[in-house]
Amino acid sequence: MYLLIGIPRDVIVQPVQNLLFYSLLIVFGLTALVAVFGWTFSRQLSQPITQLVLDVERLKTLDFSQPITVPQLREIASVARTIESMRTVLERYQRINVEKIIFEEWKNKFFLSHSEDGICITDGSDAFTFMNDRFIQLNSELQKTAPSSSKRDLFSHPNIERTKEL
């Protein structure tokens, strides 16, 4: 004895097709949702890193005037605070070095100006760019017989004997 039941094909295939359709819909929906959340998360992560990189790029050009932006992300904030403390130290050193250079320049100019020796500095075309008071006196005495406005004029003066040149 056999029992044969006839069920239309659509009754069996339709639920399987519906299950497949809704499963694919859920998979694509979740994939889209994960992609949107992933893009949003990566954007929130990449913006502070991009800003930090731009801030550090300024340091490469020795521009220590702008502070480093500290992001809200805890992991990156500690790195940014460390770089900011380095920037402030470098800015202080740069300011100290500039002040030292200015001080040395003023000190050298003072010593050159008030030296008992006649001192002059010339440029590439042998024109005088600096003369201390003693050299100005000497040059004014020499100009009474022959004017000298350059090193060449000075050394060709009849009363000057050239012994050593630095």
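Numbers below:
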item: Yes/no for L45 being out of contact with any Ser or Thr (no Cβ under 7 Å at 6 or more places or on another chain), open to solvent by 40 Å² or more (accessible area, probe 1.4 Å) and on the phi > 0 side of the Ramachandran plot; result: no
item: Subset of segment 116-141 (residues that are acidic (D, E), open to solvent by less than 70 Å² (accessible area, probe 1.4 Å) and closer than 17 Å to K164 by Cα); result: D126
item: Among residues of segment 75-119, those that are within 13 Å of V56 (Cα to Cα), among the hydrophobic types (A, V, I, L, M, F, W, C) and over 17 Å from the mean Cα position of the chain (by Cα), counted; result: 1
item: D55 being more than 30 Å from N132 (Cα to Cα), open to solvent by 90 Å² or more (accessible area, probe 1.4 Å), part of a helix (DSSP H, G or I) and among the acidic types (D, E); result: no
item: Of all residues in segment 33-73 being hydroxyl-bearing (S, T, Y) and under 12 Å from the mean Cα position of the chain (by Cα), the one that is farthest from T88 (Cα to Cα); result: T61
item: Criterion violated by S78 - all others in (1) open to solvent by 70 Å² or more (accessible area, probe 1.4 Å); (2) farther than 30 Å from R152 by Cα; (3) of a type in the set (S, T, Y) satisfied; result: (1)
item: Extreme residue, modelled with the lowest pLDDT, among residues of segment 142-166 that are open to solvent by 90 Å² or more (accessible area, probe 1.4 Å) and within 19 Å of F130 (Cβ to Cβ); result: P147
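The values are calculated or read from the model by the stated rules, or taken from the named source; none is laboratory data. The model shown is predicted, which means the values in this text are computed figures rather than measured ones. Every residue, glycine as well, gets a Cβ built from its backbone with ideal geometry; the counts of neighbours run over all protein chains shown. Only protein heavy atoms, including side chains, enter the accessible area calculation; ligands, DNA and RNA are left aside. Shrake-Rupley method; radii C 1.70, N 1.55, O 1.52, S 1.80 Å.
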